[in-house]
2 protein chains.
Amino acid sequence: MERGDLDRMAEVWLDDEISCVHPGWPVLRGRVDVLRSYALIMANTEYIQFFLTDVQVTVDGETALVTCTENILSGGPAEPDGGAGPLMGELVVATNIFRRTPTGDWRLWSHHGSPVLAGAEEDEAEDEPSEGP
Amino acid sequence: MERGDLDRMAEVWLDDEISCVHPGWPVLRGRVDVLRSYALIMANTEYIQFFLTDVQVTVDGETALVTCTENILSGGPAEPDGGAGPLMGELVVATNIFRRTPTGDWRLWSHHGSPVLAGAEEDEAEDEPSEGP
């Protein structure tokens, strides 16, 4: 993703019945729609860097559940004067489901990323009941 | 969820290593934190109704991937004068992973719900590249 390498991204995913939700997006299903969405994002992203935190992996048989927080720093296309586009920070939580293929590779079956919104911190909920999400 | 039945909700989930993301929330892990979050939401929700659309189920061995759109109509606590609280519509997409237990029951391993934000419609992306999510 950071290299904008769509071919490599295509290798990460299973061949069929995949699903993907980008933050704020509706669900996308199937390789054509999913890979097209990545091509679209890559085409509109000059710079993107992921700092993964809070990664947890659970394996059960041939399935792995990977949850993590994606601290994303990204920038849009360069300005007309040649300067760098505006940089933006974003906090996303992701749920990823991988399947182990007969060749032993782990490939992505489902990815779901969503924005963490202000006021929905877990710590606040521990103090006193709020109005929920 | 519509009946606010926390005991029944507890039966839906696997016993351990579960994860849950409510719309806009950080990731919650483990039965204690996940069930507490549902108790909190139920305590602050006078009325909630889910209209599920676009449901797709994919089964691979003992694992099932269920994606859907949740058209949610919900209302907060009643007003001081006894009138109904304000009703609110919300559009959420959900990714659910179920595992089949040795007794043959399907139980929830991971749930991830996220808001569908305006301007992120799939149809728009088909017309022309926008600025992404």
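Under the condition of being part of a strand (DSSP E or B), touching a Leu at 6+ places or on another chain (Cβ under 6 Å) and within 7 Å of another protein chain (Cβ to nearest Cβ), the residues counted in region B:104-119 number 2. Has region A:45-58 got any residue that is exposed (fewer than 15 other Cβ atoms within 10 Å of the Cβ), assigned to a loop (DSSP other than H, G, I, E, B) and free of Cβ contacts under 8 Å to residues at least 24 places away in the same chain? No: zero hits. For A:Ala64, state whether it is of a type in the set (Gly, Ala, Ser) and exposed (fewer than 15 other Cβ atoms within 10 Å of the Cβ). No; evaluated as a whole, the condition is false for this residue. Take A:Val66 and decide whether it is in contact with a strand residue (DSSP E or B) (Cβ under 6 Å, 6 or more places away or on another chain) and more than 19 Å from A:Pro23 (Cβ to Cβ). For A:Val66, the condition - in contact with a strand residue (DSSP E or B) (Cβ under 6 Å, 6 or more places away or on another chain) and more than 19 Å from A:Pro23 (Cβ to Cβ) - is not met. For region B:10-22, the set of residues classified as at the interface with chain A (Cβ under 7 Å from one of its Cβ atoms) and more than 12 Å from B:Ser114 (Cβ to Cβ) consists of B:Glu17, B:Ser19, listed by residue number. Among the numbered conditions (1) assigned to a loop (DSSP other than H, G, I, E, B); (2) more than 25 Å from A:Ala94 (Cβ to Cβ), the only one that B:Leu73 does not meet is (1).
Taken together, the residues in region A:44-64 that are of a type in the set (Val, Ile, Thr), facing chain B (nearest Cβ under 7 Å) and within 16 Å of A:Thr95 (Cα to Cα) amount to 2. Looking only at residues of region A:4-32 that are among the acidic types (Asp, Glu) and in a loop (DSSP other than H, G, I, E, B), we find that the one that is farthest from A:Gly104 (Cα to Cα) is A:Asp5. Within region B:88-111, residues that are under 22 Å from A:Val27 (Cβ atoms) and without any contact (Cβ under 8 Å) to a residue 40 or more places away in the chain have Cβ atoms under 8 Å from residues that are part of a strand (DSSP E or B) and among the charged types (D, E, K, R) in these pairs: B:Leu91/B:Glu70; B:Val93/B:Glu70; B:Ala94/B:Glu70; B:Phe98/B:Arg107, counting only partners at least 6 apart in sequence or on another chain.
Only residues that are in contact (Cβ under 8 Å) with a residue 60 or more places away in the chain and either more than 7 Å from chain B (Cβ to nearest Cβ) or open to solvent by less than 10 Å² (accessible area, probe 1.4 Å) (or both): list them for region A:23-43, please. Listed by number, the list holds a single entry, A:Gly24. The residues of region B:75-95 that are open to solvent by 20 Å² or more (accessible area, probe 1.4 Å) and within 13 Å of the chain's Cα centre (by Cα), listed by number, are B:Glu90, B:Leu91.
The values are calculated or read from the model by the stated rules, or taken from the named source; none is laboratory data. Because the structure is a prediction, the values reported are computed rather than measured. In this analysis, Cβ positions are derived from the backbone assuming ideal geometry, glycine residues included, and neighbour counts consider all displayed protein chains. The area values use the complete protein model at the heavy-atom level, side chains included, leaving out ligands, DNA and RNA. Shrake-Rupley method; radii C 1.70, N 1.55, O 1.52, S 1.80 Å.
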